[in-house]
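The block underneath contains the structure these notes are about, expressed in structure tokens.
The values are calculated or read from the model by the stated rules, or taken from the named source; none is laboratory data. Computed from a predicted structure; not experimentally measured. Every residue, glycine as well, gets a Cβ built from its backbone with ideal geometry; the counts of neighbours run over all protein chains shown. Heads up: the accessible areas ignore ligands, DNA and RNA and are worked out on the full protein's heavy atoms, side chains in. Shrake-Rupley method; radii C 1.70, N 1.55, O 1.52, S 1.80 Å.
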Amino acid sequence: MARSVRRKLRQIERARVRTVEERTQQILDERTERLAARRDAADAQTEAFHRVLLCGAGRELFGLPIDAVAEVLPPQNCMPAPDGPPALFGLFGRSGRLVSVIDLGLALGLEQASPDHENHHFVLLRREHPHVALRVERAHAVADVLPLRGEEAASFRNDAVTGYGKVRSGDADREETLSLLDLEGLLRPFLPTASVPGV
């Protein structure tokens, strides 16, 4: 009888140990789930859409931050800039101010898809000094873009490209990938050092 009592006590002790281990495991599992839920929520916030102006240059699609765009203009008559770099397309006057025009495709080292200068757009940027417009083959539309993460966005062609994204659309099969531009990085080679923030 004493043996059976001892055996039962051992079984109860084992059951209690198992229960403590199981409870510990259950607590760890619940904490892991809560942390994963927090991480998912943080990822959802970081995957916020960026609002950009979609522009075509050299058979590629680019996104200009919409906050940096003042206006989209039809082609303007430009005065050539003597001794300027090839990407400096020229100068034109607007509201009593001189505006430098930089060809987006040439600034990025791309071949032009269309030699037809009459259909190009000029994207006037929000800048105090100097005033700059980008010459693009086509300004398409304003769109929401989801930045790509991980391997899809690992290597950039140059300093002006800060990442890649997909245009938000209802049809997942027709989502286009585009390059997201850093305008200060793009303009840095063409502007006096004093006019580029952070330099």
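Consider a paramagnetic label point 7 Å from the Cα of residue 51 along Cα→Cβ; state which residues of the stretch 131-151 have an amide N under 12 Å from it. Zone members listed by number: 142-145.
Ligands, DNA and RNA left out, the accessible area of the stretch 48-132 computed with a 1.4 Å probe is 52% carbon and sulfur.
Close amide-amide hydrogen proximity is noted between residue 180 and 63, 162, 163, 164, 165, each under 5 Å apart and 5 or more residues distant or on a separate chain (H modeled in the peptide plane; Pro and chain starts excluded).
Would you please give the FRET efficiency between residue 36 and residue 141, computed as 1/(1 + (r/R0)^6) with r the Cβ-Cβ distance and R0 = 30 Å, to the nearest 0.05? Write out the running numbers ahead of the final one.
Details: r = 37 Å, r/R0 = 1.24.
Step by step, r from the Cβ atoms, then E = 0.20.
Of all DSSP bridge pairs formed entirely within the stretch 65-150, close to 75 percent run antiparallel. The listed residues 27, 66, 102, once ranked by accessible area (1.4 Å probe) with the largest placed first, stand as 27, 66, 102. Counted residue by residue at 0.36 nm each, then reduced by the alpha carbon distance between them, the extension gain from residue 24 to residue 126 reaches 30.9 nm.
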